[in-house]
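These notes concern the structure reproduced below.
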């Protein structure tokens, strides 16, 4: 069986490695658990800003168990922690909550109920506040039309909930159509551009060329626009595919650091197809790329790999770590989120649940090995 929590498993199996128990180290790692803290009371835990107070696993249970610790209740800590709940605020009403910018106003758990319950708090409605909050809806704007909404970049123009309906309802607001505004908004579609063809769209540098919603259809429809095919444009776009590269082989693709070498869609197939390109194997290149790092290292062991970046690569697995135990930087590994491992554990868990569900229904259609055996590790 693979460990459910790779971080705590490694900490217990390799306690003498150079782990980072310094500020901003394991105390801030999202894989930290209350159980491990309890078992490791001899460690130098940091409870304040950018540490356990900011840890996304923080819950009311942790605070109640350690009430005398140096908790930081303000901005960029518990006030903006993604696990903040109304229950937590009501339990500690007199603590130094930060209701404003980078605090509760920006918290991803903010709800209309919370705003209505505390109408007299120092809410910050502008840039990097409620205008930027990922829970913002049209209902909030309509309910509080007289607030100091910020319609520009890093405000409503950049808000991931923005829809065409909002723009149509408030056509005269100070929308930012450029590279930090609607041109980069993840909801942008061809329909928006066709509806507002005369706006100041930023097609190139850090604009639509980098938009995560960019499609080949959009590029083909507007071939004469000032597309940025390089490092800060399509080469780094998360929708980039081999088809795009093959279709526009004459473009100024950027294969190196922060370019295609860093692109999240990079595969072994791309590298083998374009062996002569200037791939960047080190920092901010393939060593950091979470998509194919492990198979590539085995296939190209003599490349200029950066083991600090590999140690922090979220796709790293237990099998790989133990196979390369003398190359792994455990201090850097302390900061690893182990995203790939966690995703696979969830997938296996769902498969097991499905198996038991089907078994109970007497509708077993798969062999148990299909659910328990995985080659992902």
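The values are calculated or read from the model by the stated rules, or taken from the named source; none is laboratory data. Everything quoted here is computed from the prediction, not taken from an experiment. Using ideal geometry, Cβ is built from the backbone for each residue, glycine included, and neighbour counts are taken over all protein chains shown.
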In segment 261-271, how many are surrounded by fewer than 21 Cβ atoms within 10 Å (Cβ to Cβ) and assigned to a loop (DSSP other than H, G, I, E, B)?
3
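Let's see how each residue does on (1) under 26 Å from residue 22 (Cβ atoms); (2) surrounded by 15 or more Cβ atoms within 10 Å (Cβ to Cβ); (3) touching a strand residue (DSSP E or B) at 6+ places or on another chain (Cβ under 6 Å); (4) touching a residue at least 24 places away in the same chain (Cβ under 8 Å):
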residue: 43; (1), (2), (3), (4): yes, no, no, no
residue: 56; (1), (2), (3), (4): yes, no, no, yes
residue: 73; (1), (2), (3), (4): yes, yes, no, yes
residue: 78; (1), (2), (3), (4): yes, yes, no, yes
residue: 81; (1), (2), (3), (4): yes, yes, no, yes
residue: 87; (1), (2), (3), (4): no, no, no, yes
residue: 90; (1), (2), (3), (4): no, no, no, no
residue: 94; (1), (2), (3), (4): no, no, no, no
Could you go through segment 143-154 and let me know if any residue there is assigned to a helix (DSSP H, G or I), at pLDDT 95 or above, over 20 Å from the mean Cα position of the chain (by Cα) and over 19 Å from residue 118 (Cβ atoms).
no
How many residues are exposed (fewer than 12 other Cβ atoms within 10 Å of the Cβ) and either modelled with pLDDT of 95 or more or under 18 Å from the mean Cα position of the chain (by Cα) (or both) if we restrict to segment 336-357?
1
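Confirm whether residue 180 is modelled with pLDDT under 95, under 22 Å from residue 168 (Cα atoms) and not in a helix (DSSP H, G or I).
Details: modelled with pLDDT under 95: yes; under 22 Å from residue 168 (Cα atoms): yes; not in a helix (DSSP H, G or I): yes.
So residue 180 passes the test.
Kindly evaluate residue 230 against the criterion of being surrounded by 14 or more Cβ atoms within 10 Å (Cβ to Cβ) and touching a helix residue (DSSP H, G or I) at 6+ places or on another chain (Cβ under 6 Å).
On the way: surrounded by 14 or more Cβ atoms within 10 Å (Cβ to Cβ): yes; touching a helix residue (DSSP H, G or I) at 6+ places or on another chain (Cβ under 6 Å): no.
Spelling it out, it is not the case that residue 230 is surrounded by 14 or more Cβ atoms within 10 Å (Cβ to Cβ) and touching a helix residue (DSSP H, G or I) at 6+ places or on another chain (Cβ under 6 Å).
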Among the candidates 254, 274, 258, which residue alone is surrounded by 14 or more Cβ atoms within 10 Å (Cβ to Cβ), closer than 25 Å to residue 219 by Cα, out of contact with any helix residue (DSSP H, G or I) (no Cβ under 7 Å at 6 or more places or on another chain) and touching a residue at least 12 places away in the same chain (Cβ under 8 Å)?
274
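Go through the residues of segment 165-178 one by one and say whether even a single one is closer than 30 Å to residue 249 by Cα, free of Cβ contacts under 8 Å to residues at least 24 places away in the same chain and either buried (at least 21 other Cβ atoms within 10 Å of the Cβ) or in contact with a helix residue (DSSP H, G or I) (Cβ under 9 Å, 6 or more places away or on another chain) (or both). Explain how you work it out, then say what you get.
Kept after step one, since they are closer than 30 Å to residue 249 by Cα, are these residues of segment 165-178: 177-178.
Cutting the leftovers down to free of Cβ contacts under 8 Å to residues at least 24 places away in the same chain gives us none.
Checking segment 165-178: not a single residue is closer than 30 Å to residue 249 by Cα, free of Cβ contacts under 8 Å to residues at least 24 places away in the same chain and either buried (at least 21 other Cβ atoms within 10 Å of the Cβ) or in contact with a helix residue (DSSP H, G or I) (Cβ under 9 Å, 6 or more places away or on another chain) (or both).
Considering each residue of segment 186-206, count those that are assigned to a loop (DSSP other than H, G, I, E, B) and within 16 Å of residue 161 (Cα to Cα), and give that number. It would help to see each step written out before you state the result.
First, the residues of segment 186-206 that are assigned to a loop (DSSP other than H, G, I, E, B): 186-189, 196-206.
Within this subset, residues satisfying the condition of being within 16 Å of residue 161 (Cα to Cα) are 186-189.
Total satisfying the criteria: 4.
Take residue 210 and decide whether it is crowded, with 21+ Cβ neighbours inside 10 Å and either over 20 Å from residue 80 (Cβ atoms) or at pLDDT below 95 (or both). Before the answer, list the steps.
On the way: crowded, with 21+ Cβ neighbours inside 10 Å: yes; either over 20 Å from residue 80 (Cβ atoms) or at pLDDT below 95 (or both): yes.
When the stated conditions are applied, residue 210 passes them.
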Failed item, numbered, when residue 124 is tested on (1) buried (at least 21 other Cβ atoms within 10 Å of the Cβ); (2) closer than 27 Å to residue 238 by Cβ; (3) touching a helix residue (DSSP H, G or I) at 6+ places or on another chain (Cβ under 6 Å):
(2)
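From the list 114, 34, 110, 60, pick out the single residue that is modelled with pLDDT of 95 or more, under 26 Å from residue 155 (Cβ atoms) and surrounded by fewer than 20 Cβ atoms within 10 Å (Cβ to Cβ). Please lay out each step first, then the result.
Values: 34 fails: under 26 Å from residue 155 (Cβ atoms); 110 fails: surrounded by fewer than 20 Cβ atoms within 10 Å (Cβ to Cβ); 60 fails: under 26 Å from residue 155 (Cβ atoms).
After ruling out the rest, the residue left standing is 114.
Kindly evaluate residue 22 against the criterion of being farther than 30 Å from residue 347 by Cβ, surrounded by fewer than 19 Cβ atoms within 10 Å (Cβ to Cβ) and either in contact with a helix residue (DSSP H, G or I) (Cβ under 7 Å, 6 or more places away or on another chain) or at pLDDT below 95 (or both).
yes
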